[in-house]
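Undergrad: I'd like to ask you about the structure that follows.
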Amino acid sequence: MVDSSNGLNLIEPILDAARQQQAKEYTRTGRYLSLAELVLVMVPLAMLVFAGLSERLVGSLDLPVIVAAIVYFLILFAAYRVITVPISYYRGYVLPWRYGLSRQNLSGWLGDLVKAGALMLVLGVVVVVIVYWLLNVQSQLWWLFSWAFLVLFSMVMSMLAPVLLVPIFFKMKPLTYGELRERLEKLAERAGVKIGGMYTIEFSSKSTTANAALMGMGRTRRIVLSDTLISQYSTSEIEVIMAHEMAHNRHRDMLRLTVFQSAVMLVNLYAASLVLDAVIEPLGFSGLSDVSALPLLVLIFIVINLLLSPIITGYGRRLETEADGYALELTGNPSSFISAMARLTDQNLAEAEPSRWVELLLHDHPSYHSRLEHARSFAELRRDGN
């Protein structure tokens, strides 16, 4: 499968300078907006906790604990959506249009915003009900039982995502038979990956970006290619992109990531329980199951996640780098790998070479230039081996 045209002289950056300047502006603005959103969320939560507003608000509800938790969560969620609407609009609608990433009109964008909000609301209510029920019946080990539930819940959602969640936002249809499908079937066979189907996802009605994924678990595992990828990329480029995705399955990255995320979640919940035990009474709450402490619980989770984020992103980059190596070995095509990564970098407005600190703290994928060096090293080893 080694392409004889893959001379080292072809492994060169082919990024568009103007597009990369836009990428820097776009990602920098996105980071500022994320920071602003974080402040807009944390400051009101802190006011509710430290100014005694939460106790007064919950005290006026006069409801059973679980019902009060649901109602209070709905109030907090509604307030969050209202407060962050300007940021969501600017980041999700204005910026993508400004930089040529969107084709979606305002009504379509609002529709997706409502659907995403409804989905978050339903999932959030489920989590709140389980956590507060456990706080009532297992006040000492609520964090451990909550962890077990959340791990199982996450696995079920991963399995259902391609068949229930993704179709809520995008139309999907089976990939038609032809050279591309045949190449991908052979690729999956070489990789030892069992595929339940191959599908095209309609990105072009909403976006100019491109993507591909191996989604689902077990019988729901399927190859998903955006129509923008199929129409604009060569078969060899798509093949090497999917080789990367199949590497995640080959390396059992879904299992590794589940174990890792489960460990992080366990640390998160245990740390939250320790903080709650230490501050719940000094802050004037009646106990762990006090519904008025919900903003405090959310605040603690936010802070702990921020502290753990460098570890999470670092592990993600490690898995992605390993998948790149496997894709290069499986296809033997560093030229197509580099051209595909370069095109995706420009098309999706990703920074090719972010600052080291930005990459360490915020990126769960290696930068384009890191991937370029990886492919160059592979090409050199392949050449020297020949």
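Undergrad: Being surrounded by fewer than 20 Cβ atoms within 10 Å (Cβ to Cβ), out of contact with any Leu (no Cβ under 8 Å at 6 or more places or on another chain) and under 30 Å from ALA69 (Cα atoms) is the requirement here; does SER309 meet it?
TA: no
Undergrad: Let me ask another. Just checking: which of the helices (runs of 4 or more DSSP H) contained wholly in segment 140-205 hold 3 or more residues that are modelled with pLDDT under 85?
TA: Qualifying helices (runs of 4 or more DSSP H): 142-160.
Undergrad: Additional query: Among the residues of segment 244-258, which ones are in a helix (DSSP H, G or I), under 20 Å from the mean Cα position of the chain (by Cα) and closer than 16 Å to ARG190 by Cα?
TA: HIS244, GLU245, MET246, ALA247, HIS248, ASN249
Undergrad: Let me ask something else. Being under 30 Å from ALA68 (Cβ atoms), without any contact (Cβ under 8 Å) to a residue 12 or more places away in the chain and among the β-branched types (Val, Ile, Thr) narrows it down to one of VAL303, VAL275, so name that one.
TA: Of VAL303, VAL275, the one residue that is under 30 Å from ALA68 (Cβ atoms), without any contact (Cβ under 8 Å) to a residue 12 or more places away in the chain and among the β-branched types (Val, Ile, Thr) is VAL303.
Undergrad: Report whether or not SER262 is in contact with a helix residue (DSSP H, G or I) (Cβ under 6 Å, 6 or more places away or on another chain) and part of a loop (DSSP other than H, G, I, E, B).
TA: Judged against the criteria, SER262 is not a match.
Undergrad: Collect the residues in segment 182-207 that are under 19 Å from MET172 (Cβ atoms) and touching a residue at least 60 places away in the same chain (Cβ under 8 Å), keeping them in residue-number order.
TA: Within segment 182-207, SER204, SER205, LYS206, SER207 meet the criteria.
Undergrad: Related question: Can you give me the number of residues within segment 91-113 that are closer than 24 Å to ALA23 by Cβ and either assigned to a helix (DSSP H, G or I) or hydroxyl-bearing (Ser, Thr, Tyr) (or both)?
TA: Going through segment 91-113 one residue at a time, the tally reaches 12.
Undergrad: Contact list please: Cβ distance under 9 Å, first residue in segment 143-170 and closer than 29 Å to SER207 by Cα and in contact (Cβ under 8 Å) with a residue 24 or more places away in the chain, second residue part of a helix (DSSP H, G or I) and small (Gly, Ala, Ser), pairs at least six apart or on different chains.
TA: SER154/SER262; MET159/GLY218; ILE168/ALA116; PHE169/ALA116
Undergrad: Moving on to the next point. For ALA323, only one of the following conditions fails: (1) of a type in the set (Gly, Ala, Ser); (2) more than 30 Å from VAL65 (Cα to Cα); (3) surrounded by fewer than 19 Cβ atoms within 10 Å (Cβ to Cβ). What is its number?
TA: (3) is the only condition that ALA323 fails.
Undergrad: Filter segment 271-305 down to the residues that are modelled with pLDDT of 90 or more, in contact with a Leu (Cβ under 8 Å, 6 or more places away or on another chain) and surrounded by fewer than 17 Cβ atoms within 10 Å (Cβ to Cβ) and list them by number.
TA: ILE302
The values are calculated or read from the model by the stated rules, or taken from the named source; none is laboratory data. Given the structure is predicted, the values throughout are model-derived calculations rather than measurements. Every residue, glycine among them, receives a Cβ derived from its backbone with ideal geometry; neighbour counts consider all protein chains shown.
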